[in-house]
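Undergrad: Dumping the structure here so I can ask a few things about it.
Derivation of every value follows stated rules applied to the coordinates shown; laboratory data play no part. Owing to the predicted nature of the structure, the values given are computational and were not obtained by experimental measurement. Using ideal geometry, Cβ is built from the backbone for each residue, glycine included, and neighbour counts are taken over all protein chains shown.
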Ligand SMILES: CC(C)(COP(=O)(O)OP(=O)(O)OC[C@H]1O[C@@H](n2cnc3c(N)ncnc32)[C@H](O)[C@@H]1OP(=O)(O)O)[C@@H](O)C(=O)NCCC(=O)NCCS
């Protein structure tokens, strides 16, 4: 199977379980022992902030190997004016199919669709390595901070329309769609619906710790 067979299409109900299994495979032990992204994908689809038009899968030979989802969040500027932006995630590609440009295709296509829907900005947390090649920049470059003025290294911003954020300072308020992922019992209960998988430490968890605890100060 190669990328010539790649189909990028909207997710449908029949894909739900496969997409949750894909999230579990891709994120397992990546940031913490185990993962919660399969639960996140599960609850996101019914959250009020979910954007179904941007819910896409990548399929090769009838197998779902990639997934991306988006939701709506907001930025508030120095005058208190609200702006709706997209939060991208979760995004994942099945191990074994990674580094073949699949997430690139998912993102490029959904960015185009997002522009057609009238969105001009994407803001999300993530490992910068995965996103800078897609045109994301540090939040600091666009004066987008968290409440309290923090500029996390992992807070990344992509202008879909050049200049969309120019001339203002912004505070990012992410929707609460992933809040259930902090509930370890809820994650365990959901994970029990999948085949057993061993939780373990791996170095990427330290990388995640470093990225998620770092802020830009100059
Ligand atoms: C991150 C992930 C979605 C990337 O998907 P992918 O299909 O492997 O990525 P692509 O092959 O399209 O590569 C996209 C770009 O990111 C870069 N990239 C991808 N993985 C990278 C890595 N581990 N380290 C550094 N750069 C990386 C590539 O160089 C590429 O840049 P290019 O387009 O200029 O060549 C995939 O590796 C994955 O599912 N990982 C586990 C889940 C995850 O981390 N999700 C993102 C949470 S922040």
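Undergrad: Give, in nm to one decimal, the length gained when the segment between residue 83 and residue 173 is fully stretched (0.36 nm per residue of separation minus the Cα-Cα distance).
TA: Working it through step by step, the gained length comes to 31.4 nm.
Undergrad: Of the listed peptides 107-118, 80-91, what is their order by residue-averaged count of other C-beta atoms within 10 Å, with the highest listed first?
TA: 80-91, 107-118
Undergrad: Can you pull the Kirkwood radius for the chain, inverse mean 1/r over Cα pairs, to one decimal in Å?
TA: By the Kirkwood definition, the hydrodynamic radius is 18.0 Å.
Undergrad: Using a simple spin-label model with points 7 Å from Cα along the Cα→Cβ vector, what separation in nm is obtained for residue 4 and residue 146?
TA: 4.7 nm
Undergrad: When the gyration tensor of the stretch 44-102 is built from Cα positions, what are the square roots of 5 times its three eigenvalues, in whole Å, from largest to smallest?
TA: The three semi-axes for the stretch 44-102 are 31, 13, 7 Å.
Undergrad: While we're here: When the helix-only estimate is applied to the chain (DSSP H runs of n ≥ 4, each -39,500 (n - 2.57), divided by the residue count), what is the mean residue ellipticity at 222 nm, nearest 500 deg cm²/dmol?
TA: Calculated mean residue ellipticity at 222 nm is -7500 deg cm²/dmol.
Undergrad: Using Cα-Cα distances under 8 Å and only pairs 6 or more residues apart, what relative contact order does the chain have, in percent?
TA: After rounding, I find 23 percent.
Undergrad: Sort 144-156, 20-32 by packing, meaning the average of other beta carbons within 10 Å per residue, with the highest value first.
TA: Packing proxy ranking, top to bottom: 20-32, 144-156.
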